[in-house]
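Here is the structure we will look at.
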Amino acid sequence: MHFLWPESLWLMAALPLLVLLYVWLLRRKKKMAVRFASLSIVREAMGPGQSVRRHIPPVLFLLALVAMLLAAARPVAVVTLPSTQQTIILAMDVSGSMRATDVQPNRMVAAQNAAKSFLTELPRHVKVGIVAFAGSAQVAQLPTVNREDLVTAIDRFQMQRATATGNAIVISLATLFPDAGIDLQQLQGGRDRQRGFAIDGEKKELKEFKPVPPGSYTSAAIIMLTDGQRTTGVDPLEAAKLAAERGVRVYTVGIGTVDGETIGFEGWSMRVRLDEETLKAVASKTAAEYFYAGTAADLKKVYETLSSRLTVEKKETEVSALLAMAAAALALLSAGLSLLWFNRIL
């Protein structure tokens, strides 16, 4: 914790003076009590618990003053708050290798089940969009809060050949920023592309934007799940650069075999290998994280972790209001007890 107005803390120096004043008043009352014929009569009138009770309201009031002075110094602390995340894009690999059964019952079914569980754990106000990718990438469901539509889109996945991880990131960004002029064809061709610009189709108008720090855009995030390495399409690191320039985090999830495996599909076979190095680089470039899921249970845990990361966030927040509220509660309690026990305020 630190303070925006630390100079106000000098007011704390007045607290010992208040304590001394309180002690002086107690001693003054003792001297006045000597005038009674018998001190035993005074003690009997007070009762055994009165001597302790008499100090409780002043102590509570002193604590209220401490809380008020701390609030006046405007303390700032790192606290956990609901995230401002409003849109999440699930980019899911639907290439033929997702038929592999090293993740039970197979990679595709495990990914679908985990994604559905993820949707149920998200707050209802968070929009979710789905991008399916293999040799190409397409929007399976535009961002929506309707969980039934999202589940239907996940159940409609059709497997295809090849893996274009970079395309998945680009299409996800185009879905998040529909007016930014992000053009997948131009990126694939590499024609006339300049860092920080996107070309708007036939008009050829450059849309300039100012790059922001990676991970600084807190209104959206991309979660990309894949079981293979890129075989076609945009370089995923180039796509990650686009995401980083827009401050969008790309969380990557690797599922399947790290060392590689030969998968048979519709009469032909292919060698698939999880490109962890690239997935880690994509996550790192966008200030996100990479997760590996070797089993269906691991994949579910990954999505549970992502759900908690994306729905709450830790950030520095001024907590003056909390201390002021605590000070008010202590002051009221002090006054209430004093009235209840002694029919007076302090």
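Readers should treat all values here as calculations from the given coordinates under stated rules, not as data from a laboratory. None of the values given here were measured: they were computed from a predicted structure. Please note: Cβ atoms are built from the backbone with ideal geometry, for glycine as well, and neighbour counts cover all protein chains shown.
Structure note, pairs Lys116/Lys210; Lys280/Lys301; Lys241/Lys300; Lys116/Lys285; Lys127/Lys300: Cα-Cα distances above 26 angstrom occur for Lys116/Lys210; Lys241/Lys300; Lys116/Lys285. The residues neighbouring Ala132, those whose beta-carbon lies less than 11 Å from its own, together hold a net charge of 0 under the Lys/Arg +1, Asp/Glu -1 convention.
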